[in-house]
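Notes to accompany the following structure.
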Amino acid sequence: MRFFSIFVLLCLLYSATVTAQDLTTMKGSVYCAQRKSQMPVTMRPAQVSGLPGHSFDVLKYTLDLNLYGCYTSPYPKSFTASAIVKFRIDSTLNSINLNAVGSSLIIDSVKMAGTGFTHFNNILTIQLDQTYEPGDTAEVKIFYRHKNVTDNAFYSRSGMVFTDCEPEGARKWFPCWDKPADKAQLDLTAKTKANVKLGSNGYLADSLIMGDTCWYHWISNENIATYLMVISSKVNYKLDIVYWHKLSNPSDSIPLRFYYNSGENPGTVRSLLPLMTTWYSEHYIEHPFPKNGFSTLNSDFSWGGMENQTLTSLCPGCWSESLAAHEFAHQWFGDMITCNTWADIWLNEGFATWSEAFWSERSGGYSAYKSGIFGEANSYLNSNPGWPISDPDWAINTPVSDVLFNYAITYAKGACVVHQLRYVLGDSLFFATLQAYCADPAFKFNSATIQEFNQKVNLVTGEDYTWFFDEWIFQANHPIYQNTYNFENLGNGFWRVNFIARQTQTNASFFKMPIEIKVRFQDNTDTLLRVMNDLNEQQFHWIFDKRPVLFQFDPDQEIVLKGGSTIVAVPENSSSPDEGFSLSQNRPNPCTTSTTIRFELPVATHVQLTLFNSFGQMMAKPVNEYRAPGAYESILDLAGLTPGIYYYQLQSETRTATRKLVLTR
C-alpha cells in the first residue's frame, strides 16, 4: 500500500506543506491508488501471504479489544484482546490454521476443551478438541496481545487509534483467515476512554459510558472480508450524522456518519452522499448496508482513501467529491461483492474507478462521463507497464503492492474496460447485468471471480462474451489500428465505400470488437454503421446512392484503449487525376510549439485542414474555405497542447488525406 520508502518520505514532507484544499483537485482513483501502492517494503504482502490449505469457512469473528491505554501519552500500540472464531468445517479435520503475524501478536492461550496450539512463522495452528466432519460448526477463543510495535496495520498516535489492512494486514491486529474469499460476520467490542468516539463496521448496537470508560459494540450481520474490517477512533472526534431514505421504503432511513478532525469541513461530501447513494442505488441495487460513512485520519494515513465496509477511511482533510465517489462505489464493488482472490481485483478497482466517471454523468451528462473515461485512457496509454489486468498467479501468490495497485493497469485500464463493456453491450444490457450481478445471492455479501462475472454477462445477454474478457482482461496491451478506406464512384449516382480494418500490434494478439463507422455525404447528412470486426485485415463494403465526402472510424471514440490513427484515410500515396492533391509531412516533425503544413491543390475546391488528438477530438481547424489552385502553407500553433500524437487531415470536395504529427517539449 505504499511506494518505496524514499517516496513515502517525500509524500509526508509534501503533505505537510500542501493544504487539503490543494489535494482535493486530484481524481479519487489517484488518491486510492497512491494510498494502496505506498506499502513500505517491510510490509509487502508477498512476505506475509503464505498459509497451508483452507478446509473450513469462517462464519463470524467476535473481537473484544481493550484499547483504553492507547489514547493516553505515550500512546502505546499495545493492547490486550480476545477473538472468538466461529467456523464451519468443509472437510474432515482436527486442527485449523490462522494467520497471525508473530512480530505483531503474542498468543497467550486458546480456549477449547483439550486443545493446544503452536504459533510459528506467522501461522497459528490450533489443535481441535475432536475430529470434525464436513458441515459441522465449531469455535475457538483466542486470548492475545498486540505488541507495542509499528506494523502499518494498527496505528496509535496522539489520541487517535485506527486500522488499515489492505491487502493482508488484518492478521497483524487479530488472528484470522486473511484472504478476501473467506468473508464473515463481525461482532466488535472496544474499550476506550470516555472522551473517545469509535467507529467500525456495521451498526452501533450499544455504547456504554461508566466513569472515564466507554465500551463500543459494533455488529455487522453482513459478511466482511478481513481486509475491510476497521476501527477509526479519536479523542474528541467530531461526528456529524445525516440520513438517507431508502428508495424501496422512503419512511425508512439509514445513518450516514462523518467522523472528522477539528478544523476540517466535511460539508461537500456530507451534502452529496445522500444523492450519491440514490444514484448508485438506482443503477446497481439499493444500498445494501444498515449504515455508511467516512472518517478522516491523521498523517500516518497521509494520502488517499480505503473503502472499509460501511466506514471508509480518508486522509486528513480529504473531503473530496471525486474521492468520495470512488470509495463509496466500493461499497457495492469490493465490499458487498469482494474479489475472490487478488487475481480478481478488477471487480473492485475497475468498477470503482469507472463509477467515479459515471457519477459525473448524473450532473454533466454523457460528455462529462466520457471526459473522465478519456482521462483514464490517457493515463493507461501514457504509462502502460505491459502486463494484463488479471494474472492467474495472483490468486496464489499475492503480488507486491505497486503491481497489484498499479494505477495504469488496475485503475485506469480497469475503468476503460468497464466502459468498453458498456459500449459492447449497450446501456440496457449493461445495467441489467450490473443489477443482476449485485442482486445475486451467490455473490451479494460474498465474493466473486472475474470468470463468474463473465458468466453473469453471458446469462443476462444470452450471448457468450468470453472473448471480451480474454482479450481485455487476461491479455496485456491494446490494439493498434492502421485502417484504410476509399470512395469508389460506381456511376449512375451510386458510390461504394471500401474499408479495411487492420491491426498491427506486435505485443498482443488480435482484438475482436464491434466497430462503428460514420460516413458523411455531400448533402451534409451522416450515417452510422456498426459491424463486428472479428478478423484482421477484414474488408467491408457499403453502397450508397449519394456521394460520400467524409469517413470516420470509431467517431465517438468508444474504443478508448487503442492506438493508431483514429481518423482513417486512404493510403497516403493514392490519388487520381481529377481529384488528387498533395499533402506534405509537416516540418518540423517532431515539433514543439508550432509546425508548418504544406499542400497543393490542382483545381479550385473547398478545402478543410483539421487537427485531431489521438482520440479523434478536433483541436483546431486552421483552414476552412474555398481556394484556387496552387501551393499553400499553414502554420499550426501548438503551444497550448499536451505533448503526444496528433493527426492532421486535409479534406477537399473529393478526397481526404491524413498525416501523423508528434508534439514534444
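The values are calculated or read from the model by the stated rules, or taken from the named source; none is laboratory data. Just so it is clear, the model here is predicted, and its values are computed rather than measured. In this analysis, Cβ positions are derived from the backbone assuming ideal geometry, glycine residues included, and neighbour counts consider all displayed protein chains.
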task = Could you give me the residue pairs with C-beta distances under 6 Å whose first residue belongs to the stretch 445-466 and is farther than 26 Å from residue 289 by Cβ, whose second residue is among the aromatic types (Phe, Trp, Tyr) and crowded, with 19+ Cβ neighbours inside 10 Å wherever it lies, and which are 6+ apart or on separate chains?
result = 454/469
request  = Please work out if residue 410 is assigned by TED's automatic domain parsing to the domain that holds residue 326 and at pLDDT below 95.
outcome  = no
Residue that is modelled with the highest pLDDT, among those in the stretch 558-580 that are surrounded by 21 or more Cβ atoms within 10 Å (Cβ to Cβ) and of a type outside the set (A, V, I, L, M) = 562
inquiry  = Based on this model, can you work out whether residue 390 counts as touching a residue at least 24 places away in the same chain (Cβ under 8 Å), part of a helix (DSSP H, G or I) and of a type in the set (S, T, N, Q)?
reply    = no
query = Listed residues 604, 631; which is over 25 Å from residue 370 (Cβ atoms) and either in contact with a Pro (Cβ under 7 Å, 6 or more places away or on another chain) or modelled with pLDDT of 90 or more (or both)?
reply = 604
remark   = Scanning the stretch 415-430 residue by residue, those in contact with a Leu (Cβ under 9 Å, 6 or more places away or on another chain) and either of a type in the set (Phe, Trp, Tyr) or at pLDDT below 95 (or both) turn out to be 430
query = Within the bounds of the stretch 153-165, is there any residue that is at positive phi, buried (at least 19 other Cβ atoms within 10 Å of the Cβ) and not in a strand (DSSP E or B)?
reply = yes
task = Give me a count of the residues in the stretch 104-144 that are without any contact (Cβ under 8 Å) to a residue 60 or more places away in the chain, outside any strand (DSSP E or B) and among the hydroxyl-bearing types (Ser, Thr, Tyr).
result = 1
message = Among the residues in the stretch 510-518, are any over 29 Å from residue 383 (Cα atoms), without any contact (Cβ under 8 Å) to a residue 40 or more places away in the chain and in contact with a Ser or Thr (Cβ under 9 Å, 6 or more places away or on another chain)?
response = yes
message = I need the full set of residues from the stretch 493-514 which are touching an Asp or Glu at 6+ places or on another chain (Cβ under 6 Å), buried (at least 18 other Cβ atoms within 10 Å of the Cβ) and not in a loop (DSSP other than H, G, I, E, B), in order please.
response = none
note = Per the filter on the stretch 144-169, residues farther than 18 Å from residue 70 by Cβ and either in contact with a strand residue (DSSP E or B) (Cβ under 9 Å, 6 or more places away or on another chain) or of a type in the set (A, V, I, L, M, F, W, C) (or both) are 166, 168
